[in-house]
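Read the structure below first, then the notes.
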Amino acid sequence: MSSPPELLSHGQVSLRRWRQADAAALLAAVLESQQHLRPWMLWADQYDGDRAAEYLRECDAQWASGDAFSYAVIAGDQIVGSAGLYRRVGDGGMEIGYWVHGD
């Protein structure tokens, strides 16, 4: 499978491939949503700048290998979550995962 587009948009909402420069906005979105995320996203506990930077490095590596394609969810001009396609469900299949800001 070839890589999907790096940008998908509809109206005021876009999915854009994560960038290293998104670390501060990612951290803010996770911290602001921690209470909302914790029951389902164990990684949200004790999230910090190092974990955000590591996640973005993993996103780059997984995109390059074709193992996963992760996007920032953007509403207007603000990052409000993350969505991705992950090769976890067998040959030819991809799992969809996402989270959105608590607000």
Which numbered condition Arg88 misses (of (1) under 19 Å from Glu32 (Cα atoms); (2) among the basic types (Lys, Arg); (3) at pLDDT below 95): (1)
Residue under evaluation Val100, criteria (1) free of Cβ contacts under 8 Å to residues at least 24 places away in the same chain; (2) touching a Gly at 6+ places or on another chain (Cβ under 7 Å), criterion not met: (1)
Pair list, Cβ under 9 Å, 6 or more apart: the stretch 31-58 residue of a type in the set (D, E, K, R), other residue open to solvent by less than 90 Å² (accessible area, probe 1.4 Å) and not in a helix (DSSP H, G or I): Glu32/His101; Glu32/Gly102; Arg38/Asp45; Glu58/Ala68; Glu58/Ser70
Selection count, the stretch 92-103, where residues are assigned to a loop (DSSP other than H, G, I, E, B) and buried (at least 16 other Cβ atoms within 10 Å of the Cβ): 2
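The values are calculated or read from the model by the stated rules, or taken from the named source; none is laboratory data. Computed from a predicted structure; not experimentally measured. Cβ coordinates were reconstructed from backbone atoms using ideal geometry, including for glycine residues, and neighbour counts include every protein chain displayed. To get the accessible areas, we keep the full protein, side chains included, count just its heavy atoms, and leave off ligands, DNA and RNA. Shrake-Rupley method; radii C 1.70, N 1.55, O 1.52, S 1.80 Å.
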